[in-house]
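For reference, the structure is listed below as structure tokens.
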Amino acid sequence: MQPERSTGPSPDAAGGAGSPSTTPVPPNASRPAGPTNLASRFFGFLRRHPIALLFLLTPGIPEYLSGSSPMSGLLLAPPVFFLFLAANAGLYTTGVLLIREAVVRWKKSWLTVFVLGLAYGVLEEGIALSTLFNPGASVVGVLGSFGHWMGVSWVWASGVLLVHVVFSVAAPILLLGLALPATRGRPLVGRRGLVAAGGILGADVLALLSLTVFGLHFWMGWPLLIAAVGVIGILVMLALRIPQDAGGPVPRRMAPRARTAALVGASLFPAALLTQAIGGAAGIGAVGVVAAMVVVESLYFAWVWTRLRSAENERALVAFALGLLAPLAIAGLLVGFPVEVAAVGVGLMVAFFVKLLRMYPDRRAPGPALLPRGLPSRT
């Protein structure tokens, strides 16, 4: 990654509309208190502490926005809520931070993000929580008996690993770069930070695995554990071998409009759910459902790779991310109780995207949206 030059928004512009003005203020003048000023101060804090934003995005998107971890616990049982928040952050925030740092330091492309996101999914669902192998896991439901072969719930795996690649890893990294342009292509932590993040992630995985074994009384067995570790190792080695310039440039004319990007983004989550539901109801069998999921996911990633990896298209990326998260937010509202608490998370998401859309008012903002050699970065 190369340091950004001033072809795009200035550091103040990174805060978007409502950022503090650069006009000199008389010594005795004071800024009016109010929501706009508070929002500007909050975004200013995030600009100075990007890991805090990463913490809000992970586990905020896959757990709390989706309703997988209920926000109601904050009111009903605060100690339990914060205990689960710490466990979630120990997985998601450290895992995504390590993936982002690897991509930046290796000077790799978004293809590496996807491969490492898949490795993260295997780490969480295969080792930490064992849902890939436990047919009786509560989150797996009927998919535990449908498509469970050689110790693996394949139908469940075809969906949950997609969720981790897109929502747990790629979306937070993308949104971090869009919200805080100054961080693009730059490490967020030093060597000690990497060691600390790795230690927290390892301890969290070990604690959750112990809870699964001794609390839920499920042990996957050494063969499956070794196989999971082996798959993670293979994926990491593959990520290392991906060329830095994987993909190459895409013609500007292929860049989608923001509305198109939003609609495509919004289609992923429903398409995956419908593929599994319709495939199961149609009686095509587990192999057919997994094959259909692979086809849907391949077509989806092919469109993203050929249309969004293009120059001067940051507003379309914002719209695409908004489309991705909208169905997740709706699902969180449907399962959230009380709905008013779940609505707080959705409201924060809306405010965040309003800020991003103000930052990138034009369809084709200056600078590349996705560099072939790394995270969203200006040149």
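What follows is calculated from the coordinates using simple rules that are stated; it is not laboratory data. Treat the numbers as computed from the prediction; the structure is a model and nothing was measured. As a convention, Cβ positions derive from the backbone with ideal geometry for all residues, glycine included, and neighbour counts pool all protein chains shown.
Only one entry in ILE173, ILE99 is of a type in the set (A, V, I, L, M, F, W, C) and over 19 Å from PHE269 (Cα atoms), namely ILE99. Which residues, taken from region 163-177, are buried (at least 22 other Cβ atoms within 10 Å of the Cβ) and not β-branched (Val, Ile, Thr)? HIS164, PHE167, SER168, ALA171, PRO172, LEU174, LEU175, LEU176, GLY177, listed by residue number. MET220 satisfies every condition listed in (1) assigned to a loop (DSSP other than H, G, I, E, B); (2) out of contact with any Phe, Trp or Tyr (no Cβ under 6 Å at 6 or more places or on another chain) except (2). With respect to LEU129, is the statement that it is within 21 Å of TYR300 (Cβ to Cβ) and among the hydrophobic types (A, V, I, L, M, F, W, C) true? When the stated conditions are applied, LEU129 does not pass them. Against the test of being surrounded by 15 or more Cβ atoms within 10 Å (Cβ to Cβ) and either aliphatic (A, V, I, L, M) or not in a loop (DSSP other than H, G, I, E, B) (or both), the options LEU211, LEU240, LEU206, LEU194 yield a single qualifying residue, LEU194.
Sort out which residues of region 102-116 are in a helix (DSSP H, G or I) and over 16 Å from the mean Cα position of the chain (by Cα), and write them in order of number. Give the derivation first.
At the first step, the residues of region 102-116 found to be in a helix (DSSP H, G or I) are 102-106, 110-116.
Matches in region 102-116: VAL104, ARG105, TRP106.
Of all residues in region 39-67, exactly one satisfies the criterion of being touching a residue at least 40 places away in the same chain (Cβ under 8 Å), over 13 Å from the mean Cα position of the chain (by Cα) and assigned to a loop (DSSP other than H, G, I, E, B), namely GLY67. Residues of region 315-333 that are within 15 Å of ARG259 (Cβ to Cβ) and either without any contact (Cβ under 8 Å) to a residue 60 or more places away in the chain or crowded, with 21+ Cβ neighbours inside 10 Å (or both): ARG315, ALA316, LEU317, VAL318, ALA319, PHE320, ALA321, LEU322, GLY323, LEU324.
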